[in-house]
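The values are calculated or read from the model by the stated rules, or taken from the named source; none is laboratory data. All of these numbers come straight from a predicted model, not from anything done at the bench. Because the Cβ atoms are built from the backbone with ideal geometry, glycine has one as well, and the counts that use them run over all protein chains shown. For the accessible areas, the whole protein counts, side chains as well, though only heavy atoms, and no ligand, DNA or RNA atoms are used. Shrake-Rupley method; radii C 1.70, N 1.55, O 1.52, S 1.80 Å.
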Amino acid sequence: MPIVRVALNVPVDTLFDYQSDDATSHDIGQRACVPFGKKRVTGVILAVCTDTQIPIEKLKSVHSIFREIEPLAASLLELFQFCSQYYHHPLGMVIMNSLPALLRNNKPVRLKNTAPQPLMLSDLAKQISLDSIPARNRVARRLLAEFQAASVLTMQQIKQISPRATQLIPEWLQLGWISAQQTINSASGTLKIPVLTQEQTHAVTAITNEFDRFHTSLLHGVTGSGKTEVYLRIIEHALSLGQQSLVLIPEINLTPQLEAVFRARFPTVPLANLHSGRNDTERLTGWIQAQRGEAKIILGTRLAVFTPLPDLGLIIVDEEHDSSFKQQDGLRYSARDLAIFRARQADIPVVLGSATPSLESYFNALNNRYRHIRLTSRAVQAATLPDIQCIDTRIHKTPDGFTEPMIRALEKCLAEKRQSLVFINRRGYAPVLLCKACAWTARCQRCSSRLVVHLSDKKLSCHHCGHQENFPRACPQCGNQDIAPFGHGTQRIEETLITHFPSARILRIDRDSTRRKNAWQEILHAIHSHQVDILVGTQLLAKGHDFPNLSLVGILNADNSLYSTDFRASERLFAQLMQVAGRAGRANIPGHVLIQTEFPDHPLYHALQRHDYDASAQTLLAERKIAGFPPFVYQALLRAEAHGIKTVLEFLHRAKNLANPPQSIELFDPVPAPMLRLKGMERAHLLIQSHSRKPLQTFLTDWHRKIAALPHRKIRWALDIDPMDF
Ligand code: ADP
Ligand code: ZN
Ligand code: ZN
């Protein structure tokens, strides 16, 4: 009897053997439901063989093998294998977590017709007059009218016109009035396709010229330089070869915008959207469309890097510097790095796009490991990069968060009927509750963090664990009743603005105001149709959005990131300010950026004023080199947490003593995490680094095995490879 070896979603690094009466090698990559302890679970078959280490009488039988969809391809299983080894995470967990939720169930999936292709009206049928269809054929008339208006309709849209309309489709296909044929250049006549700038042309040719082999390009283009247009052209190239394109984007609600752009340009090309907001059925459908090769463009957030793509021809990672590509718990993978692995594996190009590349990618480009493709000017002719100035807060006071020059600039902008954006660097800048008598501040019971004041509902809330509580009436420490919010969060800034500009239409954008479904769509609509004068927001606003009416960006407090203990804080601050400044002056309105700061002479602000990414990156790289930080070394972090810090540190010390690292590897002492308590747990870590990846990996594999053998009840631990947060 054949034996199947199954990867299960359990935290041990072994596969499980079961008997099966009908398994064949075609079942490798197929899902199997098997008994596990007292339960049934579903995993993925990785091998079908005839022998096993398990005594035959102990071997259980597979409950069922689900064969309703294609098995996972060998190349995808290889990606999982790599991911499991590189990130030191059990293979079964890697595989099962990457699958859509409905494929993790102990049930076969019921497949609806996944991808009815959109139908396109032929040139012939565009000429047919509606009157030539007899009036009693109402449905036919309406269908033709809708087709003539839209050129392309999906079956779903047709069904909405009338259920009877679908019955006309076979006949119309026969008549040649409509076709299901995919044409890639069928963007409807109203859509203007821009003529590429010289730099864009160069970028497109550099990538398409060698489309049949692996190379990594860093598409480094200033904000507004038209990177999206470059993506569209190279995707068009992949489409013309019948290939699939995978486009990865950060977790920032940009998907609807980008999806709309793609759909407008390629209206007949099936597109699967796999972003994190999709529900289970949508995700499964998109995943299957991709696996069947039906979906040609796959748009998604980090998890989409694991999508099966039989005809993959191109990968794009947009905003590659964004930290949301790195998962911060469970399998701590970097979707950007896996995208590069996948491209190498499939021998295809991968494009990393950003206005402010991560130092790692920039460094690789400088060393010619990546191609450095630059777009140095804005694509829209009249648009220039905004003018950036600092307001010295040692000279200009900020009684309510705003300096006099900032208020005047906002006033001028309002008078000119243009939009402005007030940007607050959220990190460490939310208002906290402070007792002026004894300096007590409200803290979260479960985390080390300070609670943030939410004025609208008079609540204190923890931005790490979500804990909420009411305002205390008096200071719990000294009884003083005069406790007041300190600092300026988005809500306080909004209130201040209302008092300064009572007639202005002000819109606050932060995590609270965007939580509702469709909130983003409404907000974007309000901005684009100019129903808003002043936007107030945090980093959520900084990225990727195109706001054509925006002419002023005011940055209220960025300074605290300049002197942070996190060595990546300056890199992030620069990228963030560059991005937020990039929102201004994108169309033909000139843009201005004002930064309130106590350190107007800081090199970072100087580089920012000159829009000089390179100067800033070179300075930061020089600092990193001296300090021995990435990208000059490779790092891993052994993270651990438990209820008490003592237990955690003891565990880490024992782990350290187990290690027998070679010369090339540096092992530091365990230290408590900068944010000690999180969600009721106390945390510490131990840093490991090396100048080369290979010995580091070899060491970690061996060490990981030894740590796993330690008794570690009550301790949660994990290795974090290439950590981004400390
Ligand atoms: P980025 O992503 O690089 O910040 P976008 O792709 O958002 O820039 O492009 C900025 C603006 O420039 C968009 O409005 C886009 O339509 C326009 N654009 C892009 N390429 C061209 C071009 N070749 N000619 C004219 N306008 C262009
Ligand atoms: Zn007090
Ligand atoms: Zn908390």
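Only helices enter this figure: runs of n ≥ 4 DSSP H residues, each worth -39500 (n - 2.57), summed and divided by the residues of the chain, yield -9500 deg cm²/dmol at 222 nm to the nearest 500. Each principal axis of the chain carries a Cα extent, and these read 79, 78, 54 Å when sorted largest first.
Place a +1 charge on the Cβ of each Lys and Arg in the stretch 634-721 and a -1 charge on the Cβ of each Asp and Glu, then give the dipole magnitude about the Cα centre in debye, rounded to the nearest 20. If you can, show how the numbers build up before the last one.
Details: 14 positive and 7 negative charges, 62 e Å.
That gives a dipole near 300 debye.
As a quick test, which of the pairs Lys646/Lys714; Lys39/Lys706; Lys656/Lys706 have an alpha carbon distance above 20 angstrom in this structure? Could you put the intermediate results ahead of the total?
Values: Lys646/Lys714 12 Å; Lys39/Lys706 30 Å; Lys656/Lys706 10 Å.
Too far apart for the 20 Å limit: Lys39/Lys706.
Beta carbons within 10 angstrom, averaged per residue: use that to sort the peptides 203-210, 339-346, highest first. Kindly include the intermediate steps, with their values, before the conclusion.
Details: 203-210: 18.0, 339-346: 19.5.
The packing order, highest mean first, is 339-346, 203-210.
Taking only the C-alpha atoms of the stretch 188-375, the Rg (one decimal) and the largest Cα-Cα distance, Dmax (whole number), read 15.4, 48 Å. Annotation: lysines with alpha-carbon distance below 19 angstrom to Lys412 (same-chain offsets under eight excluded): none found.
Rounded to the nearest 10 square angstrom, Leu191 shows an accessible area of 60 square angstrom against a 1.4 Å probe. Taking a straight line from the alpha carbon of Lys159, these lysines sit under 25 Å away, with near neighbours fewer than eight places off in the same chain left out: Lys112, Lys126, Lys296.
Please compute the per residue accessible area over the chain with all protein chains in place, 1.4 Å probe, rounded to a whole number of Å². Mind showing how you got there, number by number?
Values: 33550 Å² over 726 residues.
Using a 1.4 Å probe on heavy atoms only, each residue of the chain averages 46 Å².
Quick check: Cα centre of the stretch 383-415 to Cα centre of the stretch 239-306, how many Å? Computed from Cα coordinates, the inter-centre distance equals 41 Å. Using a Cα-Cα cut-off of under 20 Å, which lysines could be cross-linked to Lys192, ignoring same-chain neighbours fewer than 8 residues away? Leaving aside lysines fewer than 8 places away in the same chain, those within reach of Lys192 are Lys227.
Can you pull a Stokes-Einstein diffusion coefficient for the stretch 553-706 at 20 °C (1.002 mPa s), Rh from Kirkwood over Cα pairs, as a whole number of µm²/s?
Working: Rh = 18.5 Å.
Estimated via Stokes-Einstein, D reaches 116 µm²/s.
Ligands, DNA and RNA left out, the 1.4 Å accessible surface of the chain is 51% carbon and sulfur atoms. Descending by average beta-carbon neighbour count within 10 Å, the peptides 224-235, 668-679 line up as 224-235, 668-679, the highest first. Measuring between their Cα centroids, the stretch 1-35 and the stretch 504-572 lie 49 Å from each other. Protection proxy ranking of 291-303, 255-267, 130-142, by the mean of other Cβ atoms within 10 Å over each peptide's residues and highest first, is 291-303, 255-267, 130-142. Once the chain from Ala526 to Ser240 is taken as fully extended at 0.36 nm per residue, the excess over their C-alpha distance is 99.2 nm.
Magnitude of the Cβ-charge dipole of the stretch 1-123, K/R +1 and D/E -1, about the Cα centre, nearest 20 debye?
Details: 12 positive and 11 negative charges, 130 e Å.
Using only the charged Cβ atoms, the result is roughly 620 debye.
Computed log10 I(q)/I(0) for the stretch 119-181 at 0.20, 0.24, 0.28 Å⁻¹: -0.69, -1.05, -1.47, from the Debye equation with unit scatterers placed on every C-alpha and solvent omitted.
A Cβ-based charge dipole, computed about the Cα centre of the chain with Lys and Arg at +1 and Asp and Glu at -1, lands at about 1640 debye.
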